[in-house]
2 protein chains.
Amino acid sequence: MIQTPYLLFLGDAPDHLAAKVAQGIKDWNPDVAVGQLRMDGCQADVGLPDLTLEEAKAQGAKTLVIGVANRGGYISAAWKEVIVEAIRMGYDVASGLHNLLREEKELQSAARVNGRTLHDVRIPSVAYPIANGKKRSGKRCLAIGTDCSVGKMYTGLAMDAEMQKRGMKSTFRPTGQTGILITGGGVPLDAVIADFMAGAVEYLTPDNDPDHWDHIEGQGSLYHVSYSGVTMALIHGGQPDAIVLAHEPTRTHMRGLPDYPIPSLEDLRDMVLPIARIANPRVQITGVSVNTKALADADAEACLKEIEDRMGLPTVDPYRHGAAKLVDALADI
Amino acid sequence: MIQTPYLLFLGDAPDHLAAKVAQGIKDWNPDVAVGQLRMDGCQADVGLPDLTLEEAKAQGAKTLVIGVANRGGYISAAWKEVIVEAIRMGYDVASGLHNLLREEKELQSAARVNGRTLHDVRIPSVAYPIANGKKRSGKRCLAIGTDCSVGKMYTGLAMDAEMQKRGMKSTFRPTGQTGILITGGGVPLDAVIADFMAGAVEYLTPDNDPDHWDHIEGQGSLYHVSYSGVTMALIHGGQPDAIVLAHEPTRTHMRGLPDYPIPSLEDLRDMVLPIARIANPRVQITGVSVNTKALADADAEACLKEIEDRMGLPTVDPYRHGAAKLVDALADI
């Protein structure tokens, strides 16, 4: 686990999108960060107080989280100066970048000398077991997308937040770098060795109270040939009780695969159910989460209504309208 | 690629089963090995000439292949003496054991001093790409099992052997340790990082002549929750034109998962087809390969006939009766 609270490092982010990890942390776990650290020329602002390393330290910050991505995911010389200074002051450092903190000599040696920890959340830190398929107690919900990057993480985070608000027992279970940095723990599933993928998901979602819900972060898509194996391992390792279909209605082809059409929600439903029943015969599809970001208000409303009528399932954009409807649908599971 | 010809090391195998890797090499690629090397007390014999390291060297052997597994997959002190001696004499060494050659200091230093290569085929030696899903030329056949260990590798090897016999263009494409040692190359798919599984299969089965068949070694099962993600990546990375269903009729539950029933061949067919059509809309299921090892002759015949009638697909035990029927079924693909 990554020690909290965080100071979010925005570096010299060239635009707001470059700081989307920091924005995700601010949106979904705002209390975890005491502030943001921006270098000269930084064009991003996640709306937290601007603090120096010293000021944040005085407010209790324990980990400097790299909340920004360079083009290519590398760690620039200018960043390194700041990060080394933070390590000297007693900060741990956490990053989800492709280029690893531990592979930068200055950072590694500063961490060793100062007894601090470098968290590269892109790399697994646990030797996961092979999945045993045993039925676990507690309940699990998984979002399954028609494509990659259609809002599966946001769906899980929004459902967890709604349950927390209602005083229900609920945990968001991250399977990707951003989710891990948001919550401080999880499994970087795309970096796990093939034989241990489903076991890593079992490890992530252990036995729990009968009325506790795990919201497992989805990855990839059964219809995305590059990553479908990861999605499969999530379904069979996660043994979900409830599946929410996730969709982006304006996509014209699978992300990065121009020759591959987006499946219909009906096709996805018909494919996922028999697969999911192998691990949990009682699984149900309980709703549809639509990412309507690209649509104007009226068009979004019409799109949601059309899908809800067609599929006969509660349908909502959780980012636009909250996840209450998706949580309501779990009442009888 | 592993240099050939091989000398097969059987060590002090306590029984014949312990030498099944050597037996697989002898069965499927007998010309690749000049002989076998057995230590005192060895209880296995794959039927090749017994040769010393010196004798095999004189016959041109270039690689000592560890064709035996200890309980626990470790490399004993007695083995190490022989292996170090082989390295000193100029042999490369290849192994599919869990314990890696490269992690044994004596072996690593002997290899370094003598400029020899240690092949740990359990570990990928290539940085595989992320799958791009592009349609490749040539044809591909993949065996998909109702369970793990039902004869998928033997099915692919037997179909390849039958095509070679007929003078057809054909290559067996290994995805597991035994297959890699049999042919000298391949992808150890269960050890590949999740994000690169499908890309590794694309790498393994590149563009080829329009009338060339790749027989891709299957892994796991869509119905085996521990490994289904690996099977999924094989289907979407392999984009097979033909699928052979593989089955073991006496299995009572999924291997290692006592609570999981074996699916029917009909259920497997209905699940795999829509999945495989995502990567190759023209895919067909062309036959059923049944492992009847546990059945007497008459029972095996009856079992094959019953499945053939029920499924309406050419059905055979390729180990018992050859793969001609399965190859015939590919004529119109």
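The values are calculated or read from the model by the stated rules, or taken from the named source; none is laboratory data. Bear in mind the structure is a predicted one, so any value in this text is a computation, not a measurement. With ideal geometry, Cβ positions are generated from the backbone for all residues, glycine too; neighbour counts draw on all protein chains shown. Note: accessible area is taken over every heavy atom of the protein model, side chains too, but ligands, DNA and RNA are not part of it. Shrake-Rupley method; radii C 1.70, N 1.55, O 1.52, S 1.80 Å.
Cβ separations smaller than 6 Å between residues 6+ apart or across chains give the following pairs from the range B:264-283 residues that are under 14 Å from A:Leu222 (Cβ atoms) and of a type in the set (A, V, I, L, M) to residues that are open to solvent by 40 Å² or more (accessible area, probe 1.4 Å) and at pLDDT 95 or above: B:Met271/A:Pro274.
Given the residues A:Ala110, A:Ala22, A:Ala44, A:Ala77, which is the only one that is among the aliphatic types (A, V, I, L, M) and surrounded by fewer than 16 Cβ atoms within 10 Å (Cβ to Cβ)?
Being among the aliphatic types (A, V, I, L, M) and surrounded by fewer than 16 Cβ atoms within 10 Å (Cβ to Cβ) holds for just one of A:Ala110, A:Ala22, A:Ala44, A:Ala77, which is A:Ala77.
Could you please let me know if A:Ile307 is more than 14 Å from chain B (Cβ to nearest Cβ), of a type in the set (A, V, I, L, M, F, W, C) and assigned to a helix (DSSP H, G or I)? Answer is yes for this residue. Among the residues making up the range A:222-242, those that are part of a loop (DSSP other than H, G, I, E, B), of a type outside the set (Phe, Trp, Tyr) and closer than 22 Å to A:Pro318 by Cβ are A:Leu222, A:His224, A:Pro240, A:Asp241. Every condition in (1) surrounded by fewer than 21 Cβ atoms within 10 Å (Cβ to Cβ); (2) free of Cβ contacts under 8 Å to residues at least 12 places away in the same chain is met by B:Ser228 except one, and the failing one is (1). Can you confirm whether A:Leu245 is assigned to a helix (DSSP H, G or I), more than 14 Å from chain B (Cβ to nearest Cβ) and of a type in the set (A, V, I, L, M, F, W, C)? Criteria not met by A:Leu245. Scanning the range A:179-204 for residues that are within 14 Å of chain B (Cβ to nearest Cβ), assigned to a helix (DSSP H, G or I) and not aliphatic (A, V, I, L, M) turns up A:Asp190, A:Asp195, A:Phe196, A:Gly199, A:Glu202, A:Tyr203.
Look at A:Ala242 and say whether it is surrounded by 23 or more Cβ atoms within 10 Å (Cβ to Cβ), farther than 29 Å from A:Val32 by Cβ and at pLDDT 95 or above. No. The single condition among (1) of a type outside the set (Phe, Trp, Tyr); (2) away from chain B (no Cβ under 13 Å); (3) assigned to a loop (DSSP other than H, G, I, E, B) that A:Pro281 does not satisfy is (2).
Just so you know, in the range B:80-104 the residues that are of a type in the set (Val, Ile, Thr) and within 13 Å of B:Thr63 (Cβ to Cβ) include one that is surrounded by the fewest Cβ atoms within 10 Å (Cβ to Cβ), and it is B:Val93.
Within the range B:195-212, the set of residues being among the charged types (D, E, K, R) and crowded, with 16+ Cβ neighbours inside 10 Å comprises B:Asp195, B:Glu202. Residue count for the range A:310-333 satisfying the condition of being under 20 Å from the mean Cα position of the chain (by Cα), in a helix (DSSP H, G or I) and without any contact (Cβ under 8 Å) to a residue 40 or more places away in the chain: 2.
Scanning the range A:129-175 for residues that are assigned to a loop (DSSP other than H, G, I, E, B), in contact with an Asp or Glu (Cβ under 8 Å, 6 or more places away or on another chain) and surrounded by 20 or more Cβ atoms within 10 Å (Cβ to Cβ) yields A:Ala131, A:Gly133, A:Thr146, A:Asp147, A:Val150, A:Gly151, A:Pro174, A:Thr175. Answer with yes or no whether B:Ala13 is within 21 Å of B:Val121 (Cβ to Cβ), part of a loop (DSSP other than H, G, I, E, B), touching a residue at least 40 places away in the same chain (Cβ under 8 Å) and over 19 Å from the mean Cα position of the chain (by Cα). Yes: the conditions hold for B:Ala13. Residues that are open to solvent by 30 Å² or more (accessible area, probe 1.4 Å) and not small (Gly, Ala, Ser) within the range A:263-277 comprise A:Glu266, A:Asp267, A:Arg269, A:Asp270, A:Leu273, A:Pro274, A:Arg277, listed in sequence order. Has the range B:205-221 got any residue that is in a helix (DSSP H, G or I), in contact with a Lys or Arg (Cβ under 7 Å, 6 or more places away or on another chain), within 30 Å of A:Val187 (Cβ to Cβ) and within 14 Å of chain A (Cβ to nearest Cβ)? Taking every residue of the range B:205-221 in turn, none turns out to be in a helix (DSSP H, G or I), in contact with a Lys or Arg (Cβ under 7 Å, 6 or more places away or on another chain), within 30 Å of A:Val187 (Cβ to Cβ) and within 14 Å of chain A (Cβ to nearest Cβ). For the condition in a loop (DSSP other than H, G, I, E, B), over 17 Å from A:Met232 (Cα atoms), more than 12 Å from every other protein chain (Cβ to nearest Cβ) and open to solvent by less than 60 Å² (accessible area, probe 1.4 Å), B:Thr250 does not qualify.
Considering (1) open to solvent by 10 Å² or more (accessible area, probe 1.4 Å); (2) at positive phi, the lone condition that B:Asp190 does not fulfil carries the number (2).
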